[in-house]
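To keep things clear, I will list the structure first and then write my remarks on it.
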Amino acid sequence: MPDAKCPISTDVSHAARILRAGGLVAFGTETVYGLGANALDEHAVARIYEAKNRPHFDPLIVHIADTGWLDRLAEKLSPAAQSLANTFWPGPLTMVLPKKNIVPDLVTSGLPSVAIRIPSHPLALELLQQFDLPIAAPSANPFGQISPTTAQHVLDNLGHRIDLILDSGPCDVGVESTVVLMTDDRPQILRHGGITQEQLESVVGPVDVHLGNEAEASSVGSSACSTKELHAGVAAPGMLSQHYSPTTPLMLAGDVDTGLISNKRVGLLQFSETHTAARHIADFASVEILTADGNLRLAAASFFAALRRLDAEGLDLILAEPFPDHGLGRALNDRLNRACH
Ligand code: TXA
Ligand code: MG
């Protein structure tokens with residue numbers, strides 16, 4: 001019998017009931033759709049890893065409705081963490097904090113820290129309030145694939161493996177939260193995302209950036225890699241060199257020898273109408289232009305959906321134009337670089 005797909009609904013109480021029963025509910029946040037389960041129930045959390053086919057070394061973000069749960073999950077916030085929480089929560093910021101025992105090891109992959117965020121999407125907040133417990137939720141995509149920004153994306157990729165999708169409409173921000181390690185003296189960005197480095201620095205001064213490089217990432221990919229090695233080598237264990245990947249090969253526009261692709265069906269992911277593409281637009285089998293005028297916010301909001309549309313075209317190759325390397329452009333370039341293969 002083929003696996004049935006789960007329902008899509010806007011019934012928050014029903015979604016909360018499923019979570020209480022140990023089920024899996026995908027729900028929209030302002031960044032991307034998350035695949036949620038009761039963060040304090042190890043069996044429910046185990047189902048997240050299984051549904052996503054996610055390696056257990058990659059820890060999950062714990063979502064809460066307000067700072068009420070914070071004291072129970074993590075040690076007291078440093079002054080810097082407090083300022084970031086005051087400024088950016090609810091919103092696309094995740095802080096990695098020293099954890100308390102109540103957080104199951106499966107959620108943190110055995111790390112002594114827990115990643116926490118308060119999302120700003122009203123339906124996500126309503127779900128958290130009604131459920132009244134923290135929700136562990138990675139992005140609701142199979143491991144390594146393109147993140148979902150609509151309920152339909154989740155249905156297409158995981159509909160047969162989960163219990164319900166709470167339809168919260170298309171995600172406004174469109175890229176995941178910024179992950180910041182707050183366990184050392186100086187904040188460290190582990191993943192660029194919806195809150196920019198510039199925004200963080202305007203509140204807490206200079207921050208370090210530790211995204212995990214190729215060498216670190218390939219050590220994560222090795223099955224012999226232990227959690228302890230991970231801790232020493234890679235700041236955010238999920239930052240693998242290949243991630244967010246379409247099934248179609250993707251390359252950066254500047255990296256391609258145009259002679260090699262002359263007989264191929266090539267798609268173009270272009271940042272802005274005002275940018276000059278690698279080749280004449282008419283040479284491409286399919287083109288997605290993210291913005292008319294180069295607004296990074298709009299580009300981020302449509303980025304993953306545009307990548308999915310190109311991926312569905314049966315192309316030989318997708319060429320993508322890099323983004324300006326500031327603000328949200330850093331998060332987008334990071335996603336692009338990891339999507340290349
Ligand atoms: O916007 C988002 O953050 C979305 C929505 C659903 O909230 N969630 C999301 O989760 O992107 P996920 O699992 O796809 O990415 C979580 C990232 C991974 O890179 C993971 O390694 C890192 O956060 N992370 C989680 N816990 C951590 C910890 N204790 N220490 C370091 N990195 C951690
Ligand atoms: Mg993800």
**Request:** Give me a count of the residues in segment 245-271 that are out of contact with any strand residue (DSSP E or B) (no Cβ under 9 Å at 6 or more places or on another chain) and open to solvent by less than 50 Å² (accessible area, probe 1.4 Å).
**Result:** 0
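Taking Pro138 as the residue in question, decide whether it is open to solvent by less than 30 Å² (accessible area, probe 1.4 Å) and modelled with pLDDT of 95 or more.
yes
For segment 292-307, enumerate the residues that are modelled with pLDDT of 95 or more and open to solvent by less than 40 Å² (accessible area, probe 1.4 Å).
Answer for segment 292-307, where residues must be modelled with pLDDT of 95 or more and open to solvent by less than 40 Å² (accessible area, probe 1.4 Å): Leu296, Ala299, Ala300, Ala301, Ser302, Phe303, Phe304, Ala305, Ala306, Leu307.
Taking the condition within 16 Å of ligand 2 (Cβ to nearest atom) and over 17 Å from the mean Cα position of the chain (by Cα), does Arg191 pass?
Numbers: within 16 Å of ligand 2 (Cβ to nearest atom): yes; over 17 Å from the mean Cα position of the chain (by Cα): no.
Judged against the criteria, Arg191 is not a match.
Among the residues of segment 21-43, write down those that are of a type outside the set (Ser, Thr, Tyr) and closer than 25 Å to Leu240 by Cβ. Write out each step before concluding.
Residues of segment 21-43 of a type outside the set (Ser, Thr, Tyr): 21-28, 30, 32, 34-43.
Of everything in segment 21-43, those that are of a type outside the set (Ser, Thr, Tyr) and closer than 25 Å to Leu240 by Cβ turn out to be Leu24, Ala26, Phe27, Gly28, Glu30, Val32, Gly34, Leu35, Gly36, Ala37, Ala39, Glu42.
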**Request:** Those residues that are open to solvent by 30 Å² or more (accessible area, probe 1.4 Å) and either closer than 23 Å to Leu200 by Cβ or in contact with a helix residue (DSSP H, G or I) (Cβ under 8 Å, 6 or more places away or on another chain) (or both), I need them from segment 95-104; list them, please.
**Result:** Pro98, Lys99, Lys100, Ile102
**Request:** Scan segment 51-63 and report the pairs whose first residue is at positive phi and whose second residue is open to solvent by 30 Å² or more (accessible area, probe 1.4 Å) and among the acidic types (Asp, Glu), with Cβ atoms within less than 8 Å and a gap of 6+ or a chain change.
**Result:** none
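The values are calculated or read from the model by the stated rules, or taken from the named source; none is laboratory data. Predicted, not measured: the structure shown is a model, and the values here were computed from it. Note that we place each Cβ from the backbone using ideal geometry, even for glycine, and neighbour counts take in every protein chain shown. With ligands, DNA and RNA removed, areas are computed over all heavy atoms of the protein, side chains included. Shrake-Rupley method; radii C 1.70, N 1.55, O 1.52, S 1.80 Å.
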